[in-house]
Number of protein chains: 4
Amino acid sequence: MADKIKPKTRKDLIMDAALCIFAEKGFQNATITEISKEAGVSDATVYEYFGTKEDLLFAIPERITKDTFEASAKVIPYIKGVEGKIRAILLFYIQLYQSNPNYSALVLLQLMSNKRFRQTPAHTAIRKSSHVLLDCIREGIADGTFKKDSNPYLVRSMFMGTIEHLFIHWHMQGMPKRKPSIAELLDPLLEIVFDGIRAKKADSGTTLYLKLEDAGALAKILQKKGGGTTS
Amino acid sequence: MADKIKPKTRKDLIMDAALCIFAEKGFQNATITEISKEAGVSDATVYEYFGTKEDLLFAIPERITKDTFEASAKVIPYIKGVEGKIRAILLFYIQLYQSNPNYSALVLLQLMSNKRFRQTPAHTAIRKSSHVLLDCIREGIADGTFKKDSNPYLVRSMFMGTIEHLFIHWHMQGMPKRKPSIAELLDPLLEIVFDGIRAKKADSGTTLYLKLEDAGALAKILQKKGGGTTS
Amino acid sequence: MADKIKPKTRKDLIMDAALCIFAEKGFQNATITEISKEAGVSDATVYEYFGTKEDLLFAIPERITKDTFEASAKVIPYIKGVEGKIRAILLFYIQLYQSNPNYSALVLLQLMSNKRFRQTPAHTAIRKSSHVLLDCIREGIADGTFKKDSNPYLVRSMFMGTIEHLFIHWHMQGMPKRKPSIAELLDPLLEIVFDGIRAKKADSGTTLYLKLEDAGALAKILQKKGGGTTS
Amino acid sequence: MADKIKPKTRKDLIMDAALCIFAEKGFQNATITEISKEAGVSDATVYEYFGTKEDLLFAIPERITKDTFEASAKVIPYIKGVEGKIRAILLFYIQLYQSNPNYSALVLLQLMSNKRFRQTPAHTAIRKSSHVLLDCIREGIADGTFKKDSNPYLVRSMFMGTIEHLFIHWHMQGMPKRKPSIAELLDPLLEIVFDGIRAKKADSGTTLYLKLEDAGALAKILQKKGGGTTS
DNA sequence: AATGAATGAGGGTTCATTCAT
DNA sequence: TATGAATGAACCCTCATTCAT
C-alpha cells in the first residue's frame, strides 16, 4: 500500500487549469493565455504538450474517462443480476459527475454537442460504457427480468437522459446544495423504471401487485395458487 | 379565419438564416457575414434589427417558443386527467423538436448550456411550460393518480431528460430516419413512467409487493388486515 | 488628352506601401502592421483587399507586369527585323526595372526564387514575354539573321541573365548612381551577342579558323579551293 | 595521396542537414527543429556550434566556397591565355553548381539576395573569384585579345548572369535532366561572347573571319597582307 | 432603411533561443 | 559536450461592430 504520490507533471497542471477554465467560461471563451497563467506556465509551454487548443480540450476527458470506465469494467462482472449491474453502472456515472463537477460541466455542457468530440478516444470510452448499459438492459429482457416488449434504447435513454438532465440543471443553477443529492435520486429513478419494465408474471413467482380491496379475492386465489397483474 | 399571409419581413429572413447557420455550425463558429449573406442582406442590416450577435441568437427561440407554448396553453385546460395532460405537453415538445430540427438543435445543443439564455424571455417561456408539467405531476400526486412519495422533480427530469436525450442523440448522429420515430416512443415512455409511479390502488394508494412463496403468510395477513412494500 | 487622374484607391495605397516595405526588408521580414501603417490604414483593412500576406505580395507584380507587357505587346509588332524587336523587348525590361527600383528588387530578389509565384498570373505574363523573346531569337535563326546552330535558349539566357545580373548587383550595392546606366549597357550587350551569333554569310555557313601566320599556307589552299567563316 | 577520411563531425552533420533543408524549403521556412532532427541531434546542440540560425546559414557556403576557390586559384595561374583562364574559372563555377545542387540552390536562391551575406567571408571568397574573372577580362583588353572599348563589367555580368540564369531556371523547374547540360553550354556561351568582343585586326594577326565564296578575293588580300571582319 | 467600407481588439500559434542539468 | 524543457516575442488573421452616406 505504499502510495507513489506522483508529483503533478506540468502536463497535469495544464490540464487541471484547462478543465477549470473551460468548465467555467466555455471552450470558446477561454483563452490559452488564461489557462497558461492559471497553470503557472507560458503560452508556448501549453503547445509543447498539446498541439491545439482543441487537443487540450479533448485530452481532459480522455484521462478521466479512461480511468473511470476501467474501474467500472472491473466491478461490473462481479455483480449478479441485471438490475444490480445497471445500478452499479449508473452509480459510477453519478459519482464521477458529482465528485468532479468541472468534469461533468465540461462533458455535459461543452463536449456533448461537439461533433469532433465524437471521434476522440474519450468518447469511444463513453460509448463503450453506454453499450455495456445497453447490453445489461438487453440481458434483462432476454432473461425475463424485463418485459419482452421493452425497447432497450428507450430504457437506456431514460436512464442516461434523466441523469444528464439532473446534472445539467444542477450546473445551470450554479450547483446548489441539493437536499436530495442526485445520487439519492438514483434508487427512486431505478424503482420507477424497473417497476415500469419488470415482467410481472404470476406463475414464475416473482412479484405480485395487488390492490387491497381485492384482498378477499386474493386470499381465495392464494389458497388455490398464484396470480398477478400487469399494466 | 381569413389567413393573413404575412410576407416575410427582413427581420424574419435574418432570423431564418441565423437559425439555419447557428444550428449547422454552432453559435461561435457562425459569422454575421455568413448569416447576412444567407439572408441576402448586408452585415450592417443585421445590426439594424439586432443589437448584437447574441441578441440575434436569443431572438430566434423567443419567437418560436412563444407561439408553441401559447398554443400549448390553450389546449391543455381542455384535457382531463393528469396523464392525458402530461402526454399532451410532451407531445407538444416532441412535435416542436421534430418538425423543426434546426430549432431543436439550437435549443438543445447551443442554448441549453448558455447561462445568459436563462435570463431571456424565451427561456422564461420554456420554464413556464416546464412548470406546467411539474404542476401536472404534482396534481397527479395530489389526486392519487400517482404515488404519494413520488418525487415530482425527478419525474419531470425523467420525461424531459429522456426526450432531450433522444433528440440530442438524433442530432449528433446526423438526424437519421428512425424506425420508431421519437414521437412513437412517447407512449412507451409514458407507459413505463406512469406504470412506475401510478398508485396501485385508487382509494388507499398503498402498494403491496410480495413474493409468492410468502403466499401462505400473506393469506394470514390478509385475513387480519394489512399491507407492505418491497423494492 | 483629358487625363482622368484616378484618385489612388485604398487598394493602391496598400499595394504601394507593400511594394515599398517588401522591397526594403524582404517578404518574410515585413509585417502587415508595418505595411498598413505605411499605407495609413488598419491591419484589418489590408485583409479586406487581400486574403493573405502572400496574396498581397503576388498582387503587386500582377498589376505592374500586366500593364508593361500589354504595352510591350502593342509595340513589338511594328518593329521590323528581329534585332530591333529583341532590342525593344529588352529595353522594356530595363526601363521597367530601372524606373521602378522597388518593383525590380521585389521581382528579382524576392519573387524569382519563390515557387508559388510561378503559378500566379503575373508570372504567366513574364513567361509570355520571355517566350516572345525566344520566338524572336528563333525567328532570327530561321530567317538567316542568326547562325543556324545558335541555341536560342542560351541566347535568351544571355540576354535575360545579363540584365538581371546587372540589376541584382545594382540593388545589392544600394542602387548607386551608375556612370553608364544599365540602359546604356543595352547596346553594348546587344552588339556583343549579335556579333557573336550573326550569320556571317547567308548561303554557305561553314566556318574556318585560321591564324594569320599561316597566311602563306592558306593562300595556297585558297587558290586550290574554298573559304569559310568563324564565330 | 593518402586520403584522410575525416569522420563527419557533429558540426558537419548539422551543416549537411541545414544545407539540405535550407535548399529545399528556403531559409525562412526551415526550422531549427527540422534541421536538428535531420542531423540527428537536439535543437540545443545546433546552438553549441552556431550562434544563430543565420550563422548556420552563412557557415555553409563558407566551407564549400573556400575549398572551391582555393582549388581554382591553384589552377588558373598555369593556364595560358585569358580565354583559357576565363573558361577555366567559369567551368569551376558550373561544376561547383552542378555537382552540388543544394549548394547552388542555396547560393543562387537564398543568399544572393541577402544583404548580410555580403559581409561574410564566404561572400568575400566569391567576390575575390569574381574579381579574378574581371581581371582576366581586363587583361584580355589590355593585351589586345579583346576590343579596347569592351566594358569588362558588362562582360563579366554576361558570363556570370548567363550561368546563374541557367542554373536558377534549372532549379525552379525542379532540376530536370537537361539534354545539353549546363556545362555543355559553356563553350557555346564563350564562343558567342568571345566572338563578340574579340579584337579583329588584320595587322595584329590573330584571327581571320572569312566566307568561302570570298576565297578568291581573300587569296589576293593575303598575298598583299591580312584582312578581317567586324559586326 | 440599408449598406459599403473600415477597424479595434484580441487570439491561436510558431519558433529561435536559453539554460539547468 | 549534449539536451530536454521552457518561453518571450511576435505575427497573421478573424470578426463583431460602427458609421458616413
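Laboratory data are not the source of any read-out in this text; all were calculated from the coordinates shown. What you see is a predicted model; the values in this text were computed from it and never measured. Ideal geometry is used to build each Cβ from the backbone, glycine not excepted, and the neighbour counts take in all protein chains shown.
A few points about this structure:
- C:GLN95/D:TYR153 FRET efficiency (R0 25 Å; Cβ-Cβ; nearest 0.05): 0.80
- Local electrostatic count at A:LEU108 - Lys and Arg +1, Asp and Glu -1, tallied over other residues with Cβ under 12 Å: -2
- Fewest-first ordering of A:ILE64, A:ILE197, D:ILE182 by other beta carbons within 10 Å of each residue's beta carbon gives A:ILE64, D:ILE182, A:ILE197.
- Net lengthening on full extension, A:GLU70/A:ALA183 (0.36 nm per residue, minus Cα-Cα): 38.6 nm
- Coarse-grained scattering of segment B:1-111 at q = 0.20 Å⁻¹, given as base-10 log I(q)/I(0) from a Debye sum over alpha-carbon atoms: -1.04
- Over segment B:53-147, volume per residue of the alpha carbon convex hull, in Å³: 100
- Rounded to the nearest 20 debye, dipole of segment D:11-104 from Cβ charges on Lys, Arg, Asp, Glu: 540
- Shielding by partners - mean other protein chain Cβ count within 10 Å, residues of B:111-117: 4
- Orientation-averaged projected area, Cα convex hull of segment A:84-195 (nm²): 7.2
- Inter-copy label distances at B:ASP43, using a point 7 Å along Cα-to-Cβ, come to 1.6, 2.3, 3.6 nm with the shortest given first.
- Spacing of the modelled spin labels on C:ALA88 and B:ASP16, each 7 Å from Cα toward Cβ, amounts to 6.0 nm.
- When segment D:55-99 is reduced to its Cα atoms, the Kirkwood hydrodynamic radius in Å: 11.4
- Integer Hz, Karplus 6.51/-1.76/1.60 couplings in order for segment A:43-55, x for Gly and Pro: 3, 4, 5, 4, 7, 5, 9, 10, x, 8, 4, 5, 4
- Amide H contacts for D:ARG198 (H built 1.01 Å from N in the peptide plane; partners 5 or more residues away or on another chain; cut-off under 5 Å): D:LYS147.
- Per DSSP, loop trypsin sites (Lys or Arg not before Pro) in segment B:106-161 with at most 11 further Cβ within 10 Å: B:LYS148
- Legend: P(r) of segment D:1-51 from all alpha carbon pair distances, 10 Å bins from 0, whole percents, reading 26, 49, 17, 8, 0.
- In terms of surrounding Cβ atoms within a 10 Å radius of their Cβ, B:VAL75, B:VAL82 rank from fewest to most as B:VAL75, B:VAL82.
- For the segment D:175-183, counting C-beta atoms of other chains within 10 Å of every residue's C-beta and taking the mean gives 1.
- The other copies place their D:ALA183 label points at 4.3, 8.3, 8.4 nm from this one, listed shortest first, where each point is 7 Å from Cα along Cα→Cβ.
- Sorted by Cβ density within 10 Å, fewest first, the residues D:MET158, A:MET160: A:MET160, D:MET158
- Here A:GLY84 yields copy-to-copy label distances, from shortest upward, of 4.5, 10.5, 10.8 nm, the label point defined as 7 Å from Cα along Cα to C-beta.
- Between segment D:103-149 and segment C:84-114, the alpha-carbon center distance in angstrom: 22
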